[in-house]
């Protein structure tokens, strides 16, 4: 089997000299057929348009292998469980060239957000088969997806690398367009099934972008005043005195917001920060109520945050309990109220896992106090953001 | 007269190709790369068009470009199914045109959950509307002989056939074989022997399963078929046909296609034997991928005024291709302004005493280029060993060099290709946008008077000769025609008692306008919003109440007319009224009460379309 051939387009069109040279090169039918037969198996591999790796000298080829890490753009935290799809695409034909399908590998990122895609299988064979592109598509609900060939705004991506590729996913913003997102993703089937929930929102988003009046009228007719942004209010679910009641802690808590996820009408993260103490004395909880994408993405968040934890029935029939030396965590879903809660507690505040479970049950008892409140300012109208 | 390259080299290559073609499988051809350039052009065109806006407003925001549409393989004939599967197998997976589901995608309940991830429902395929359009672009390359109707004749672009008699027959035969043509068709002379059906003929080819006449049939069924699944199935097929149509239109924006230059498809792309294709296509893919055309493709709509959203450039598809009114046309706009690889003027000697302008004039004799390009054309430098031929409009037309015989030979290099792409790709997008706006027309101005169950419809010329069918769509998705009215020109029509007095809960009134066969747009539908408060406008000329659905008829599901809907037409001012009595040619008790005349003929057409659709 001959080695795979990597060829490049000629630097310019066929000059007269080139025409003559090529004419001499095909002087015999036999020679041409021998060449064709000799190269019948392995595809021509077009040059890669991406680099090998940052600050490293390695061979670069469309064949791969590929590896990298998927992280949160804001927090730089690794993202576990992101769908990573590698697509090698082929063309075929001598003169009359056309698409000849793809080879696809799907993986999920590990706990460290890492992925690895082996070399192209190269199972597609033929005398005129060409491997013409490799595309990496990354999808994680709640984030803007990733493509190795272009950016969300349509510009070409230039920072994709074969090895040690860094995929920085930006959290979904309420101002993002699902229509733009789906067009950008041009998803392979594996991603298409994951992103199918975005279709309806995409229709409405594009309709608005096109200046559609029917949906806009409903938004614009009623309020003659400025629309008011509403936010979920979860501070009352677990108060400092509730914590003190269980743990006996006597010092002050500062009630703050967890800033890593944007507070919306369906999400609120509350941080009970032990004043003057390190974070092992802190308690924090996150609450999702009526998330636009349903509770499944909340479950995915739980599974990513509490890896390997089985579902139990501690708080509700769908609860997760995580215990370690540094932190205790309890999560649960209340399907009836369409609420998901994740509580984390430092090991000094919650000296055992039972404490964390009891604090969570306090919180669960107060779910009916969840409410929407007017935001102090309205930077962005809520429009289907994701947890 | 253009002179194409020929000679012993081509004959040798042709002989080799002919032999190889018998032994090796081949693939489809195209002028732009379907997975990148065509896809990006389609993407840009749908965003520039009014298609999404119109669909959403007509459906109470229920149908748009991202709506999943299901296609049922069981309703396809064997050949359509084979071609569709071929397209799905060959489409690049990351191009956004890979459907979910299909036969075998839904294993039994005992199968692991992970194997059901792409299951839709039974054997159905599902994809967004825009995805079906993009798959249609690929479908138009399956099999490859479909390429042959992507050309027009160089000497007579309006001709229904094109010919390329400059190429040796051995080359032509090999190309035919590679294009998927059968030995039998070659033996009978029915295959590619240096000529083919032109794009102009294809536009009106009623027997081609993806051509515009099929598109029209599927669009009608997508609105008028009784069963929801059947309507959706035909909508998917219509979208596939739309993609095929856009492919052909965009190909005619490539000089090799617009100038009938088949041999350009066989130029070497690298030093690897057999690595041949159209350099322009490869360079466009290589230079821009899917991200730039040649400027980055914004994935959001552009302003109406910038793109002419909603306004077709020409009233017919033929006009889009060949020009009509003020629109120059895709083919003339390409062929008259750009050279293709093998339709360059022949090499010729040029006197050193000539000025650069005079030298250009000599070179452009018989080039077939537009006077605006030839006038003022010049060589970038003359006398010189090499340089560029610059058109009167300042664009690079070709590179030139002087060979050992002191002949000046023209050729196309990257700079020229880039100049071509800068002009041709945006023009292709513009034409595609316009085609979409023509095929998926706008619902005319209308107001409703709920109390009187009356419509006031004011069609423009586009719908002046259309027939309005009022349909009732039940909760189960079944549509039934309750009345039909022929419009009588571009004026206001007031239609009283247009829908039943009692519409069952969960049912909707759907209005369908259909133009006569062959007229685009063929059909448009509008779901009436009976809940909305709409102003009662001044009544137009009165059209008598459709008698097939008397106002006293209740709207329960069994209340559909047992007779064929009556066609009532009355000119403004109360002229002669033509009515068709109920039951005259009724399909009494039939299961297809929604079938009007056009729909009935559509069914017949479907059957005649190479047996395309199973019932």
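Legend: calculated FRET efficiency, residue A:123 to residue B:60, from the Cβ-Cβ distance at R0 = 56 Å, rounded to 0.05, equals 0.75.
Label-to-label distance for residue A:59 and residue B:155 is 5.4 nm, based on points extended 7 Å past Cα in the beta-carbon direction. Can you work out the PRE-style zone for residue B:228? Point 7 Å along Cα to Cβ, and I want the residues of segment B:42-85 with backbone N under 12 Å. Residues passing the 12 Å test: none. The label point for residue A:153 and the one for residue B:357, both projected 7 Å from the Cα toward the Cβ, are 4.5 nm apart. With Cα atoms defining each centre, segment B:246-286 and segment A:254-284 are spaced 60 Å apart in the structure.
For residue B:386 and residue B:207 in one chain, what is 0.36 nm times their gap in residues minus the Cα-Cα distance, to one decimal in nm? List each step's numbers first, then the result.
Numbers: separation 179, 0.36 × 179 = 64.44 nm, distance 5.03 nm.
Length difference between fully extended and current span is 59.4 nm.
At q = 0.12, 0.13, 0.16 Å⁻¹, what is the base-10 log of I(q)/I(0) for segment B:473-536 according to the Debye formula with one equal point scatterer per Cα and no solvent? Please give it to two decimals. Normalising to I(0) and taking log10 leaves -0.38, -0.45, -0.67.
Here is the size of segment B:30-142 from its Cα atoms: Rg then Dmax, 15.4, 47 Å.
What whole-number distance in Å separates the alpha-carbon centres of segment B:79-124 and segment B:458-488? Cα centres, segment B:79-124 to segment B:458-488: 35 Å. Footprinting exposure proxy ranking of B:61, B:124, B:81, fewest other C-beta atoms within 10 angstrom first, gives B:81, B:61, B:124. With Cα atoms defining each centre, segment A:292-344 and segment B:298-318 are spaced 49 Å apart in the structure. Cβ-Cβ distance of residue A:111 and residue A:375, R₀ of 45 Å, FRET efficiency by 1/(1 + (r/R0)^6): the value works out to about 0.80. For a modelled paramagnetic label at residue A:313, 7 Å from Cα along Cα-to-Cβ, no residue of segment A:322-358 is in reach, as no backbone nitrogen comes under 12 Å.
FRET efficiency for the residue A:338 to residue A:257 pair, using the beta carbon distance and R₀ = 22 Å, is estimated at 0.50. Extension gain for residue A:241 to residue A:73 (0.36 nm times residue separation, less C-alpha to C-alpha distance): 56.9 nm.
Modelled spin-label separation between residue B:531 and residue B:121, with each label point placed 7 Å from Cα along the Cα-to-Cβ direction: 2.2 nm.
Computed over segment A:152-200, the quotient of the alpha carbon radius of gyration and 2.2 N^0.38 Å is 1.29.
Only the coordinates and a few stated rules stand behind these numbers; no lab work does. What you see is a predicted model; the values in this text were computed from it and never measured. Glycine also receives a Cβ, built like all others from the backbone with ideal geometry; neighbour counts cover every protein chain displayed.
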